[in-house]
Amino acid sequence: MRTSTKHRTLPDLRATASAPQAKLGRGMTMIRALFFIAALLAPAHAFGASIPKIGCPMDGQMGPLAAPRNGTMRLASADGAGLAYFYNRDGFGVLGPRGWHCQSLYGSNGTSIYLTPKRISNKQWFSAKGIQGPMIQISVDYGETSGRFAAARVIARVFPQERKFVEEVIAEKIEPAADFPLGPALGDRLTRKSASMVEYETPPGVAGLGTLTRFAPSDAAVTGVVILLDVDHDILQLAMQLPPDLQKHAPAILREVEASISGSR
């Protein structure tokens, strides 16, 4: 039987690179935590474009947590014009348009960062109705905690090699089997980059990977990537709805997420 754990605070790799192994939430070692953060901090290089680095406040299972300090960082490429890097105190982050607002949510199920052009109230963030775009969402659902249900829904769609995990989640009989349809959604346009990475576009009004997020239904497509991170079936998902004048940034945002993960393996 899987058990949920409280929010795990993942250390910043640059401050703890020599830390000894120590047990973290859900039995994860410090080494694995450092691997995870290394993947998601990879945009911070010593060359390339210099961009703002914006700290995001967090809220969730253990209450509000202050945002880390703002600063600057460098990208490996010259794609930084008009972009900033938004991150929470765990070091988890994503590129987004400069001037946007960010909020991070966390719990035993995982952690997420949301970027929006206008500030969103806490009541809206925790509403079951979802958030109306434009928005960027990046999330990790933990496959060994209560996040396994969200992770299994993605795995059922695009990672058939891990179907046994989906079957185990269904066998718990906590959520109905119908909540975990197998195979790609009919409307999704998929590009398989590797066995563990799939880009997608979910068209307007269609159920697919893009609707397995906090986006409220709208007349705009949701694009992004889903990545199977490790043997514990953690799932990273990037989902984007950008306004027409900012669509030019979508490739750079997507590319940084994919490159940071690929470069860590």
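Highest average first, the peptides 195-204, 179-188 ordered by how many other beta carbon atoms sit within 10 Å of their residues are 195-204, 179-188. Largest first, the three principal axis extents of the alpha carbons in the range 59-113 are 38, 18, 16 Å in whole numbers.
Quotient of the Cα radius of gyration of the range 21-263 and 2.2 N^0.38 Å, N being its number of residues: 0.97.
What residue among G60, N88, G71 has its Cα farthest toward the positive end of the dipole of the range 50-141, where the charges are +1 on Lys, Arg and -1 on Asp, Glu, each on the Cβ? Sorting the options by dipole projection puts first G71. For the peptides 81-93, 98-110, residues were scored by their other Cβ atoms within 10 Å and the scores averaged per peptide; the highest-first order is 81-93, 98-110. Each residue, A259 and S194, gets one label point 7 Å from its Cα in the Cβ direction; the gap between the two is 1.5 nm.
Which whole-angstrom value gives the distance between the alpha carbon centres of the range 158-214 and the range 91-147? Result: 20 Å between the Cα centres.
The charge dipole of the range 21-263, taken about the Cα centre with unit charges on the Cβ atoms of Lys, Arg (+1) and Asp, Glu (-1), comes to about 580 debye, rounded to the nearest 20. Annotation: extensible slack from K118 through R163 equals 12.3 nm (criterion: 0.36 nm per residue apart, minus Cα-Cα distance).
Any read-out appearing in this document is the output of simple, stated calculations on the displayed coordinates, not a laboratory observation. In this text, all values refer to a predicted model and were calculated from it rather than measured experimentally. Heads up, the Cβs are rebuilt from the backbone with ideal geometry, glycines too, and the neighbour counts pull from every protein chain shown.
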